[in-house]
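First comes the structure, then the notes that go with it.
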Amino acid sequence: MWKILESSYHRFARDVVIIGITNILLFVGGLILLPLLTKTLGASSYGIWAQVDVTIQLALIVAGLGLPFALSRFLAAETHKKKLQDGFYSSFTIVALVTLAVSVLLIVFAEPIARAFFSGMTEIVRLTSLIILVWSLDMMFLSLFRAKLQMLNYGIFMIATKFGEVGLIAYFVLNGHGISSVILCLLAVRTLIFIVLFLAIKSQIGIRKPHFFRTTEYLSFSLPTIPDSLSAWLVSSSDKYVIGYFLGAASVGVYSAGYALGVIPVMFAVVLAFVLSPTLSKLYDEGKISEVETYLSYSLKYFLALAIPFVFGAAILAEPVLRLLSTAEIASQGYFVVPLVALGVLFWGAYGVISHILVLVKKTKIMAFIWIIAALANLGLNIALVPHLGILGAAIALLVAYLLTLGIGSYLAFKEFTFNIDWRFIIKSLVASGIMVLVIWIVSRQGIPHVDVAVTILGGMIIYGVVLFLLRGLSREELVFFRALLRRR
């Protein structure tokens, strides 16, 4: 079986590696920004930074109309150049017009928005509106790379954007500039990337006047994903608005620092989801259901293999890591956020794999229903808990919402078709993670100095890997398959 599937999986494995490396570098870039901003500008300014980020993500969801996702679904197998051009440029035009309207609204209502969520910094809101306009168009260009499985091009542009931002921000911050200059750096880099992306796409597919031939079909698929995406945003990001409203920007900064570490497993999930979406769409349309089930089964297994030990490790290492990357004040006030967020993200990542079933059968309305329930639960719990429990209440609300998402999503998706879940492996991963944490706890009972944090993390990874190997967490067939892939490289 492995010999038959090896050729098909080789490109998938290559794309996973490319996107995996991309996401690791993007994470490193974000990790650099955490100490850079918290240690130079403080928790309050870092809170403003976090508010800008979640505002951009919200605007992109609304203004994008789900069309970047639709491009991945409909253009993955498209070979006719004119149809490809029309599909892309029709979607691009619609997104550009809607985003322009959203940006204008933000500028008009900048003052009340700034008073409620941005510590009264109106200029930050106005700069954010311009970033949204450019960023939405950047994402449309990048979505075409994703649709055509040009993962290397996608990775290069994403890495260039992130490290361009980090470099420019570092220059301004280390020379005494404040948060307004930091946000201006984002606008400058995104504008430059837009110009380069436009030239790159023009050289690939040329320019064609849009005729909107399949726009109705695209929108009928993409619009139901907006409540889905919006609800997902409410679950993952609205807590920062609630914290900002009740507790202020400094508390947002503390929570966001812990959150930034807790969501690291998202990196694993995004790698799989990014490559799975166009790959599975192509296989499903070709009627290769058994291969679809195999991809889903192993994708879930390998995500959990990375996410489970992370949750265990976060429970014991959150405070020393936060102390190293931010400030003692942030670490002491926000370390408990990390393991709760990490466990919630584990639930979300598992749902992310399973929900591909609903995407393939084009039942995106069900996904919207799932996220609406989770969003209402999350928002209600945040409003109820944050005023009394502070940022701990936000972390609990997030965990409950993601657990609901996984439970309801799995029940509804498996009504369509199922795939094998390796429960024996999950138990082995839990055992290996438990042993890893026990060893770390015994060795570090006297506290973990800053210089030993990296060594402790590396040691924990080695312990987990060795124990999982001894428990035979990976089958012999899998090891043979991956060795074959390595030899072919």
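The values are calculated or read from the model by the stated rules, or taken from the named source; none is laboratory data. If you're wondering where the values come from, they're calculated on a predicted model, not measured in any experiment. No Cβ is skipped: glycine too gets one built from the backbone with ideal geometry, and neighbour counts run over all protein chains shown.
For region 193-246, name all the residues that are of a type in the set (Asp, Glu) and either surrounded by 14 or more Cβ atoms within 10 Å (Cβ to Cβ) or in contact with a strand residue (DSSP E or B) (Cβ under 8 Å, 6 or more places away or on another chain) (or both).
Within region 193-246, ASP228, ASP239 qualify.
Could you tell me whether ALA394 is in a helix (DSSP H, G or I), crowded, with 23+ Cβ neighbours inside 10 Å and in contact with a Gly (Cβ under 9 Å, 6 or more places away or on another chain)?
Criteria not met by ALA394.
Quick one: how many residues across region 140-152 are crowded, with 19+ Cβ neighbours inside 10 Å and in a helix (DSSP H, G or I)?
9
Would you mind stating whether THR418 is modelled with pLDDT of 85 or more, surrounded by fewer than 19 Cβ atoms within 10 Å (Cβ to Cβ) and of a type in the set (Ser, Thr, Tyr)?
When the stated conditions are applied, THR418 passes them.
Among the residues that make up region 264-287, is at least one of them among the hydroxyl-bearing types (Ser, Thr, Tyr) and modelled with pLDDT of 85 or more?
Checked region 264-287: no residue is among the hydroxyl-bearing types (Ser, Thr, Tyr) and modelled with pLDDT of 85 or more.
Working only within region 464-480, note down all residues that are hydrophobic (A, V, I, L, M, F, W, C), at pLDDT 80 or above and outside any helix (DSSP H, G or I).
Result: LEU471, single match.
In contact (Cβ under 8 Å) with a residue 60 or more places away in the chain, of a type in the set (Val, Ile, Thr) and within 16 Å of ALA331 (Cβ to Cβ): is that true of VAL263 in this structure?
no
Do any residues in region 405-417 that are within 13 Å of LYS363 (Cβ to Cβ) have Cβ atoms under 8 Å from those of residues that are of a type in the set (Ser, Thr, Tyr) and outside any loop (DSSP other than H, G, I, E, B), where the two are at least six apart or on different chains, and which pairs are they?
GLY409/TYR351
Does region 238-258 include one or more residues that are of a type outside the set (Lys, Arg), over 30 Å from ALA114 (Cβ atoms) and over 21 Å from the mean Cα position of the chain (by Cα)?
No, there is no match, as no residue in region 238-258 is of a type outside the set (Lys, Arg), over 30 Å from ALA114 (Cβ atoms) and over 21 Å from the mean Cα position of the chain (by Cα).
What are the pairs with Cβ atoms under 6 angstrom where one residue, in region 194-218, is within 19 Å of ALA160 (Cα to Cα) and the other, located anywhere, is of a type in the set (Val, Ile, Thr) and not in a loop (DSSP other than H, G, I, E, B)? Sequence gap at least six, or different chains.
Final answer for the pair search is PHE194/VAL134.
Name every residue in region 188-243 that is closer than 30 Å to ASN382 by Cα, of a type outside the set (Val, Ile, Thr) and modelled with pLDDT of 85 or more, in order of residue number.
If the condition is that a residue be closer than 30 Å to ASN382 by Cα, of a type outside the set (Val, Ile, Thr) and modelled with pLDDT of 85 or more, then ASP239, LYS240, TYR241 are the ones that fit.
Within region 418-442, which residues are aromatic (Phe, Trp, Tyr) and under 26 Å from the mean Cα position of the chain (by Cα)?
If the condition is that a residue be aromatic (Phe, Trp, Tyr) and under 26 Å from the mean Cα position of the chain (by Cα), then PHE419, TRP423, PHE425 are the ones that fit.
Taking the condition surrounded by fewer than 18 Cβ atoms within 10 Å (Cβ to Cβ), closer than 23 Å to TYR302 by Cβ and β-branched (Val, Ile, Thr), does ILE427 pass?
Yes.
Taking the criterion of being among the charged types (D, E, K, R) and modelled with pLDDT of 85 or more, would at least one residue in region 289-306 satisfy it?
Within region 289-306, one or more residues are among the charged types (D, E, K, R) and modelled with pLDDT of 85 or more.
Go through region 88-120 and give me each residue that's outside any helix (DSSP H, G or I) and either touching a strand residue (DSSP E or B) at 6+ places or on another chain (Cβ under 9 Å) or small (Gly, Ala, Ser) (or both).
Those that are outside any helix (DSSP H, G or I) and either touching a strand residue (DSSP E or B) at 6+ places or on another chain (Cβ under 9 Å) or small (Gly, Ala, Ser) (or both): SER119, GLY120.
Just wondering, is there one or more residues in region 417-438 that are within 21 Å of LEU230 (Cα to Cα) and out of contact with any strand residue (DSSP E or B) (no Cβ under 8 Å at 6 or more places or on another chain)?
Checked against the condition, which is being within 21 Å of LEU230 (Cα to Cα) and out of contact with any strand residue (DSSP E or B) (no Cβ under 8 Å at 6 or more places or on another chain), region 417-438 yields no hits at all.
List pairs: first in region 166-185 and free of Cβ contacts under 8 Å to residues at least 60 places away in the same chain, second of a type in the set (A, V, I, L, M) and not in a helix (DSSP H, G or I), Cβ under 8 Å, 6+ apart or cross-chain?
Hits for this filter: SER180/MET121.
Scan region 63-73 and give yes if some residue there is within 21 Å of ALA110 (Cβ to Cβ), at pLDDT 85 or above and surrounded by fewer than 21 Cβ atoms within 10 Å (Cβ to Cβ), otherwise no.
There is no residue in region 63-73 that is within 21 Å of ALA110 (Cβ to Cβ), at pLDDT 85 or above and surrounded by fewer than 21 Cβ atoms within 10 Å (Cβ to Cβ).
Would you mention how many residues in region 27-58 are within 17 Å of SER238 (Cβ to Cβ) and of a type in the set (D, E, K, R)?
So the answer is 1.
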